[in-house]
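So the structure is just underneath, and the comments pick up after that.
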Amino acid sequence: SQELEQSPQSLIVQEGKNLTINCTSSKTLYGLYWYKQKYGEGLIFLMMLQKGGEEKSHEKITAKLDEKKQQSSLHITASQPSHAGIYLCGAGVPDKLIFGTGTRLQVFP
Amino acid sequence: DAGVIQSPRHEVTEMGQEVTLRCKPISGHDYLFWYRQTMMRGLELLIYFNNNVPIDDSGMPEDRFSAKMPNASFSTLKIQPSEPRDSAVYFCASSLGGPLHFGNGTRLTVT
């Protein structure tokens, strides 16, 4: 079965700093999804990547999928307190979505 | 669009009791998913439906768990009898085959 591993598990950064979260799959990804979760709330969809080498950006968040479609990274530029939360990557297999273990991000002033 | 609606938001029950969680998907979505989230195991897929038909229930932990989708606008997840290890946040999500839209979850505590 396919597994997703995220790193780091937890990240604490100062406001304004850049950061990167990684997601590695045990198998080729048919579709890679990034979600954000705030405490006590559901998951909010951020971006979806499907093609090898694809890169998408939304505001200060950029996600990339490598050419082999087994690894994705999420990069946040000039982090803000509003970026704090849990980031999860999800893989389509293909109709259902499995998720990584998540990366907890804290941003302090 | 009201999004995916789950009820109740919080449920506290005693071991052995029956628990029913409810979900109303986004209108028009033909996929519905039930997930469970815990600190130890993260977000686990329990079961998913397509056009009201259960497609994959391999994630349902035991026979104590059952899920139904009697129509396109309603689904339930039932636990009978409940046990303390069932304590978790249960999420419902719906989609058209692409990105999932999640509800805010039901936090279940079994004492």
Scan the range A:24-45 and give yes if some residue there is touching a Ser or Thr at 6+ places or on another chain (Cβ under 8 Å), open to solvent by 50 Å² or more (accessible area, probe 1.4 Å) and farther than 27 Å from B:Asp57 by Cβ, otherwise no. yes
With (1) within 11 Å of chain A (Cβ to nearest Cβ); (2) surrounded by fewer than 17 Cβ atoms within 10 Å (Cβ to Cβ); (3) part of a strand (DSSP E or B); (4) touching a residue at least 12 places away in the same chain (Cβ under 8 Å) as the list, and B:Phe49 as the residue in question, which single condition is left unmet? (2)
Pairs returned, first residue in the range A:33-61 that is away from every other protein chain (no Cβ under 13 Å), second residue that is open to solvent by 40 Å² or more (accessible area, probe 1.4 Å) and in a strand (DSSP E or B), beta-carbon separation under 6 angstrom, 6 or more apart or interchain, are A:Glu55/A:Lys64
Name the residues in the range B:91-111 that are under 15 Å from B:Arg36 (Cβ atoms) and more than 11 Å from every other protein chain (Cβ to nearest Cβ), would you? B:Leu108, B:Thr109, B:Val110
Six or more apart or on different chains, Cβ atoms under 6 Å: show the pairs whose first residue is in the range B:25-40 and within 11 Å of chain A (Cβ to nearest Cβ) and whose second is modelled with pLDDT under 95 and open to solvent by less than 30 Å² (accessible area, probe 1.4 Å). B:Tyr31/B:Ser95; B:Tyr35/B:Leu43; B:Gln37/B:Leu43
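The values are calculated or read from the model by the stated rules, or taken from the named source; none is laboratory data. Owing to the predicted nature of the structure, the values given are computational and were not obtained by experimental measurement. Positions of Cβ are backbone-derived with ideal geometry, glycine not excepted, and every protein chain shown enters the neighbour counts. Surface areas here come from the heavy atoms of the whole protein model, side chains and all, with no ligands, DNA or RNA. Shrake-Rupley method; radii C 1.70, N 1.55, O 1.52, S 1.80 Å.
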